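> I am attaching a structure below and will ask some questions about it afterwards.
The values are calculated or read from the model by the stated rules, or taken from the named source; none is laboratory data. The structure displayed is predicted, hence computed values, not measured ones. Cβ placement follows ideal geometry from the backbone for every residue including glycine, while neighbour counts extend to all protein chains displayed. With ligands, DNA and RNA removed, areas are computed over all heavy atoms of the protein, side chains included. Shrake-Rupley method; radii C 1.70, N 1.55, O 1.52, S 1.80 Å.
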Amino acid sequence: MESESFSTPRLILRELTLEDAASLLPIWSDIRVTRYMKIERLTTEEEAQQLIQLLKSQIKAGQSSRYAIILKDTNAIVGTCGFESFQTEHHSATISYELGKRYWGKGYASEALWEIIEDGFQRRHIHRIEARIEPENDRSIHALHKLGFMHEGRLRGALKKGDKFVDQLIFSILAEEFESSLR
């Protein structure tokens, strides 16, 4: 199977490799990043390799997709993005993403997600893409609004993190809404 990659004006998105573990560990070990992720903060390169291996097994099973987000001008990995899950019977999917703290506020998330969303609607024939965001994650909420996602509501106690349950806000965009934004 040929590996997928995407190119934007500033970024390259390519499938994760085990060699990415060293570059992703500083991101996945930063509490400012992982506080909004569904993983515990990582502490070793081996843990990062294990997470990449898990993601790759889910990709191979057709359950998800995940891409390293790479800056074209420096070749630095600044985060990851992709479809966290596909609900094939409903032609829908859930996206997720994270960026290293030093790359926040530069539009990289929106730029990378645009490619993933376009791929989802045009090549994968998805009808609905959603994102679930913790209410305090203002930067992600801003990025989703910028991409045309609509806030649908609040899922109370929807995610167990550690020993507590947290709320999530649900956002979505439909294929026809995305298509009309291209005109």
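> Treating only the Cα positions of the chain as identical point scatterers, give the base-10 log of I(q)/I(0) from the Debye formula at each q in 0.13, 0.16 Å⁻¹.
-0.65, -1.03
> Turning to a different aspect of this structure: So what does the Cα-only Debye profile of the range 1-94 read at q = 0.17, 0.21, 0.22, 0.24 Å⁻¹, as log10 I(q)/I(0), no solvent term?
Taking Cα atoms of the range 1-94 as identical point scatterers yields -0.79, -1.14, -1.22, -1.35.
> Give me the percent of accessible area attributable to carbon and sulfur for the range 69-183, probe 1.4 angstrom.
Values: 2870 of 5970 Å².
Roughly 48 percent, rounded to a whole number.
> Something else now. Just the accessible area per residue of the range 34-183, please: how many Å² with a 1.4 Å probe? It would help to have the intermediate numbers written out before the result.
Values: 8100 Å² over 150 residues.
Roughly 54 Å² per residue, with all protein chains present.
> What length, rounded to one decimal in nm, is gained on full extension from Glu46 through to Glu19, with 0.36 nm per residue of separation minus their alpha-carbon distance?
Numbers: separation 27, 0.36 × 27 = 9.72 nm, distance 1.10 nm.
Value of the extension gain: 8.6 nm.
> Would you please name the GluC sites (Glu not before Pro) within the range 79-171 that are DSSP coil residues with at most 14 other C-beta atoms within 10 Å of their C-beta? Before the final figure, lay out the partial values.
On the way: sites: Glu84, Glu89, Glu98, Glu111, Glu115, Glu118, Glu130, Glu136, Glu152; in loops: Glu136.
Qualifying residues, ordered by number: Glu136.
> Rounded to the nearest 5, what is the percent of antiparallel bridges among the DSSP beta bridges in the chain?
Working: 34 of 37 bridges.
Roughly 90 percent of the DSSP beta bridges within the chain come out antiparallel.
> For the chain, what is the calculated [θ] at 222 nm in deg cm²/dmol (nearest 500), taking -39500 (n - 2.57) for each run of four or more DSSP H residues and dividing by its residue count?
Working: 6 runs with 60 residues, N = 183.
So the helix-based figure for the chain works out to -9500 deg cm²/dmol.
> Leaving out ligands, DNA and RNA, what percent of the accessible area of the range 1-46 is carbon and sulfur, probe 1.4 Å?
Values: 1450 of 2810 Å².
The computed percentage sits at 52.
> Filter the trypsin sites (Lys or Arg not before Pro) in the range 1-44 down to the DSSP loop ones having no more than 16 other Cβ atoms within 10 Å, then list what survives. If you can, show how the numbers build up before the last one.
Numbers: sites: Arg10, Arg14, Arg32, Arg35, Lys38, Arg41; in loops: Arg10, Arg35, Lys38, Arg41.
Counting only loop positions with at most 16 other Cβ atoms within 10 Å, the trypsin sites (Lys or Arg not before Pro) in the range 1-44 are Arg10, Arg35, Lys38, Arg41.
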